[in-house]
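To keep things clear, I will list the structure first and then write my remarks on it.
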Amino acid sequence: MDIQEELRASVEHLRERGIGEVDVAIVLGTGLGGLVNEIEELLGISYSQIPNLPVATVEFHFGKLIYGKLGGKRVLAWQGRFHYYEGHTMEQVVKPVRISKMLGARALIISNAAGSLNPDIRKGALMCIEDHISLFPDSPLRGNNLDAFGNRFPDMREPYDVELSRSLFQVARELDIPLFKGVYVGVPGPQLETRAEYRYLRTIGADAVGMSTVPEVIAAAHLKIPCAAVSVITDECNPEHLTPFKINEVLTIAKKSEPLLTRLFAHFIDRLTFDGR
Ligand code: HPA
């Protein structure tokens, strides 16, 4: 089976299970799945039941797809994502994005946990990603181009939709939620960075570093789905004062900031409008 056949089989299964039209797809990052509690859930499907999806290996990623209503929109929320560091190919990592598009999604919203490289952006803060740098050794678009999905050489001038970001900031202002803006650098992981690497990442222009999002956003740019992404800053990567990385601390900080992110996303989705609706 080639990748398109695999995706079609996944989509067919989801349609048979009762997933109808989708307006907005949401990919929720590590420890940030709380938005699903705001969704008027119509269907919940474990990733393991969806044909051709890889098996998520990290125990704190639930791996559940939620379909329902939020703010008058039909949303598809991917609670848990596939990471490159788990050993999945890039093609596997971006399957949720492509499936979302095939189900009709007209916008993609992404969250992740990230380390801050910018001393002004502290633990617990939210950062709207305005651009990214990919340090992944691979691209989800490598290989034969899937012409039905997009161009051979997709433009990456504006992978994060300007209008969506503007609306995100507007909503954040109204809700009095501090929202930073910055550049996210995507690294393959799973090891954290050395002090020298943190210095390097800061020097090349990044404000936050993480091990996800970039592949999904590249796939979204290929598909021309407008996309918005927010990082929850879970650790501060000051090379001169590095503390040992503890995943439990990352999860604790993510949990603490999650209600803020959930409020922001819920209001943002409520506010979204699509042509003619
Ligand atoms: N580095 C890479 N990925 C991360 C970090 C980090 O410091 N924090 C959360 N994800």
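Please state the relative contact order of the chain as a whole percent: Cα pairs under 8 Å, 6+ residues apart?
For the chain, the relative contact order is 26 percent.
Mind putting a number on the dipole of the range 139-277 about its Cα centre? Charges go on the C-beta only, +1 for Lys and Arg and -1 for Asp and Glu, and I need it in Debye to the nearest 20.
With Lys and Arg at +1 and Asp and Glu at -1, about 60 debye.
Can you work out the accessible area per residue across the chain, with the rest of the protein chains kept in place, probe 1.4 Å, in square angstrom?
For the chain, the per-residue accessible area is 45 Å².
Can you give me the distance in nm between label points at residue 170 and residue 37, each placed 7 Å from the Cα along the Cα-to-Cβ direction?
2.9
Run the simple label-point estimate for residue 12 and residue 203 please: 7 Å along Cα→C-beta, distance reported in nm.
5.3
Add -39500 (n - 2.57) for each DSSP H run of 4 or more in the chain, then divide by its residues: what number comes out at 222 nm, to the nearest 500 deg cm²/dmol?
-9500 deg cm²/dmol
Find which of 244, 85, 259 sits farthest along the positive direction of the dipole of the chain, computed with +1 on the beta-carbon of Lys and Arg, -1 on that of Asp and Glu, about the Cα centre.
Farthest towards the positive end: 259.
How much length would be gained if the chain were fully extended between residue 133 and residue 163, taking 0.36 nm per residue of separation minus their Cα-Cα distance, in nm to one decimal?
Gain on stretching residue 133 to residue 163: 8.7 nm.
For the range 6-54, state which GluC sites (Glu not before Pro) are in a DSSP loop and have at most 16 other beta carbons lying within 10 Å of their beta carbon.
For GluC sites (Glu not before Pro) across the range 6-54 that sit outside H, G, I, E and B with at most 16 neighbouring Cβ atoms in 10 Å, the list reads 21.
Output the antiparallel fraction of DSSP beta bridges having both residues in the chain, as a percent to the nearest 5.
Bridges in the chain that DSSP calls antiparallel: roughly 40 percent.
Report the antiparallel proportion of the DSSP beta bridges in the range 1-139 as a percent, rounded to a multiple of 5.
60
For the chain, what percent of Cα pairs sit more than 30 Å apart?
24
The values are calculated or read from the model by the stated rules, or taken from the named source; none is laboratory data. These numbers were taken from a predicted model, which means no experiment stands behind them. Heads up, the Cβs are rebuilt from the backbone with ideal geometry, glycines too, and the neighbour counts pull from every protein chain shown. Just so you know, the surface numbers come from the protein's heavy atoms only, side chains and all, with ligands and any DNA or RNA stripped out. Shrake-Rupley method; radii C 1.70, N 1.55, O 1.52, S 1.80 Å.
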